[in-house]
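The structure appears right after this line, and notes come after that.
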Amino acid sequence: MAMVSTYCPQFNGLRRSCPKLDNAQPQSFLQHINSQLRLSSSRKPCRAVIAMAGSGKFFVGGNWKCNGTKDSITKLVSDLNSAKLETDVDVVVAPPFVYLDQVNATLTDRIEVSAQNSWIGKGGAFTGEISVEQLKDIGCKWVILGHSERRHVIGEDDQFIGKKAAYALNEGLGVIACIGELLEEREAGKTFDVCFQQLKSFADVVPSWDNIVIAYEPVWAIGTGKVATPQQAQEVHVAVRDWLKKNVSEEVASKTRIIYGGNLDTISFVVLEEVASKTRIIYGGSVNGSNCVELAKQEDIDGFLVGGASLKGPEFATIVNSVISKRVAA
Ligand code: PEP
């Protein structure tokens, strides 16, 4: 059900108030806090009514995988630099390692750069690996971990992926944590079991959920052109958010904080939000310029992880701008 807020008619971007706080606090106090949150945000005041279950900013990542040459990547960067991107979206691209530095040096600051993998610990005698420290050294802000191609082609298991995530997060990289079921697992009715098990292996080791974006990517939809229907995706996204609510919030809420301060002379507010509400859950699997709008309209879809279509600048921009379909005219 689309959320239409009566609580705060002038939302900034895609925020929705946290029900737990709403129930627990007097409204005037919350309104005061919310006014501070908006002041401290870099986003411009805009849309009035929101169709989004989470409180996080829309997030779109482009996974370039093992594609591209110096020339094609120069062209892609140039297309992205000239694209008009809606402001209320976090945009990230993940080039192959060898082009990370080139992309980071030439891409607009509007778009952040991600790696497609990272080593489980500090660098050293690990031939062929790239450390988190090296990624940070060249200005990389994110890493994709647990992608189905790493799980099912390279053979990485839950525990190994969890270790990588914990290390990257502890060192300050954001993690795009991928989960998703195989076709046979879906057909056997195991979609939730598989996703929850993969989520648990992240939850067991991560220090907090502050810097994690969950990408639900059904394996049967990745690179196949067979996109999940909006309902299929929404069904899993709701379940993932629910799982977070039940299994994570209690454990790590005390470490998962959003701290707002600076706009008041003497007081800074520390606001604890439910992990489930603020963690972005994005969908990946054959998203393109034609199907993104219907998917984005789903209340629990907080953005996308895009493979093939992220190699075309204008189409990727269209996907980023599908955030517009989240907004309902005032
Ligand atoms: C991906 O690799 O994460 C992905 C979603 O690929 P595609 O969009 O090509 O299905």
Residues A233, A166: which one is closer than 19 Å to G61 by Cβ and of a type in the set (A, V, I, L, M)?
A233
Given the conditions (1) buried (at least 18 other Cβ atoms within 10 Å of the Cβ); (2) more than 12 Å from S148 (Cβ to Cβ); (3) of a type in the set (A, V, I, L, M, F, W, C), every one holds for V238 apart from (1)
Can you find a residue that is among the basic types (K, R) and modelled with pLDDT under 95 anywhere in the stretch 266-287?
yes
Of all residues in the stretch 117-160, which are in contact with an Asp or Glu (Cβ under 7 Å, 6 or more places away or on another chain), within 16 Å of the ligand (Cβ to nearest atom) and either without any contact (Cβ under 8 Å) to a residue 24 or more places away in the chain or not small (G, A, S) (or both)?
W142, R150
Go through the stretch 164-183 and give me each residue that's surrounded by 17 or more Cβ atoms within 10 Å (Cβ to Cβ) and either of a type in the set (G, A, S) or out of contact with any helix residue (DSSP H, G or I) (no Cβ under 7 Å at 6 or more places or on another chain) (or both).
K164, A165, A166, A168, L169, G174, I176, A177, G180
The correct count of residues that are closer than 19 Å to E149 by Cβ and away from the ligand (no atom under 16 Å from the Cβ) in the stretch 200-235 is 2
How about the stretch 296-319: which of its residues are within 14 Å of the ligand (Cβ to nearest atom) and within 15 Å of the chain's Cα centre (by Cα)?
I301, G303, F304, L305, V306, G307, I319
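The values are calculated or read from the model by the stated rules, or taken from the named source; none is laboratory data. Just so it is clear, the model here is predicted, and its values are computed rather than measured. We place every Cβ from the backbone using ideal geometry, glycine too, and count neighbours over all the protein chains shown.
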